[in-house]
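Chemist: What follows is a structure written as structure tokens; I'll ask about it next.
Nothing in this text is a laboratory measurement; each read-out follows from the coordinates by a stated rule. Fair warning: this is a prediction, and the values are worked out from it, not measured in the lab. Every residue, glycine among them, receives a Cβ derived from its backbone with ideal geometry; neighbour counts consider all protein chains shown.
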Amino acid sequence: MPVARDTSLIFRRQVRQDARNPVWLIIGLSQPILYLAFFGPMLSRVLRADEGTAGSAWQVYVPGLLVQLALFGAAFVGFTVIADWRTGSMERMRVTPVSRFALLMGRVLHDVAVLLAQSVVLILAAVVFGLRAPLAGIALSLLFVALLTCSLSSLSYGLGLVVKRETAFSPMLNIATVLLLLLSGILLPMSLAPGWLDDVSRLTPLRYLVDAIRDAFVGHFATATVAEGLAVGVGLAALSLAAGTYVFCRENV
């Protein structure tokens, strides 16, 4: 299929760019690893599950780190499309027969692959620190990470092409990511928050993904929380891809 072929071409192009400068992959993983090493051990004193074990604290904290990794890893990819637009690479690709959807999807799949690889490394590091989670729960959590990366990456590329200036793009992202970080329960579960703050956090889609991954990490799969997280993740990914594709198809990009 032409779309699949075009998507593969764009995907391989992005992989080659990473191979020429792999330091950014390491930098992207360094922040959650630092949180894991320096902030995580304190959680055994703060987070107490029914058994009161340190392992249960990691089951609460690591899912938040996975979402944080996807948030900061995918939300800022729009800077690359701004650079492609400025150098003329985007326009050169647009005058070829390559599918506009493939121009977006190839990049998005590359970001999903990168974030999944980094998530696996983060989970392995967390196991060393004391995380214990069922393999099925870990696999389900990676699905949520992939859906979230797909959503944020699509939105970031689309917004980057609309804004076209790093000076405007950066503050917009900083505000959005900080609000999502604080309101979605990434660092601490929102059950510890006052009632009004807990209600506000339910307006953010990441809250449902964080809660769903936490359920999966303790082996609770057939729950309303997991179903809500899956519905939000799939719906957000579909809407984000549609919005990103619309921007890539516009004639004035």
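Chemist: Could you put 207, 20 in order, starting from the residue whose Cβ has the fewest other Cβ atoms within 10 Å? Can you show the working numbers first?
Modeler: Working: 207 23, 20 6.
The most exposed by this proxy come first: 20, 207.
Chemist: Can you tell me the equivalent ellipsoid semi-axes for the stretch 2-249? Use √(5λ) from the Cα gyration tensor, largest first, whole Å. Could the numbers behind the result be given before it?
Modeler: On the way: eigenvalues 218, 66, 57 Å².
Calculated on Cα positions only, the semi-axes equal 33, 18, 17 Å.
Chemist: Percent relative contact order of the chain, based on C-alpha pairs within less than 8 angstrom and at least six residues apart?
Modeler: Working: 321 pairs, mean separation 67.4, N = 253.
In percent, rounded to a whole number, it is 27.
Chemist: As a footprinting exposure proxy, order 26, 33, 82 by other Cβ within 10 Å, with the fewest listed first.
Modeler: Ordered by Cβ neighbours within 10 Å, fewest first: 26, 33, 82.
Chemist: Continuing with the same structure: Could you work out [θ]222 nm for the chain from helices alone, using -39500 (n - 2.57) per DSSP H run of at least four and dividing by all its residues? Round to the nearest 500 deg cm²/dmol.
Modeler: The helix-only estimate for the chain comes to -26000 deg cm²/dmol at 222 nm.
Chemist: Turning to a different aspect of this structure: At 18 angstrom or more along the helix axis (alpha-carbon based) and mean Kyte-Doolittle of -0.5 or higher, what helices does the chain contain? Whole DSSP H runs only.
Modeler: Working: long enough: 2-20 (27 Å, -0.87); 54-75 (31 Å, 1.22); 100-129 (44 Å, 1.89); 135-163 (41 Å, 2.02); 166-183 (25 Å, 1.61); 205-217 (19 Å, 0.29); 224-249 (37 Å, 1.59).
Membrane-span-like by this rule: 54-75, 100-129, 135-163, 166-183, 205-217, 224-249.
Chemist: Continuing with this model, one more query. Sketch the reach of a paramagnetic label on residue 13 as a point 7 Å from Cα along Cα-to-Cβ, and name the residues of the stretch 76-93 whose backbone nitrogen lies under 12 Å away.
Modeler: 81, 84-85, 88-93
Chemist: Would you mind putting 219-231, 181-193, 103-115 in packing order, based on average other-beta-carbon counts within 10 Å, highest first?
Modeler: 103-115, 181-193, 219-231
Chemist: Contour minus end-to-end for residue 223 and residue 96, with contour as 0.36 nm per residue of separation and end-to-end as the Cα-Cα distance?
Modeler: Values: separation 127, 0.36 × 127 = 45.72 nm, distance 4.72 nm.
Full extension from residue 223 to residue 96 adds 41.0 nm.
Chemist: Test of understanding: ordering 144, 79 by Cβ neighbours within 10 Å, fewest first, what list do you get?
Modeler: On the way: 144 25, 79 15.
Ascending number of Cβ neighbours within 10 Å: 79, 144.
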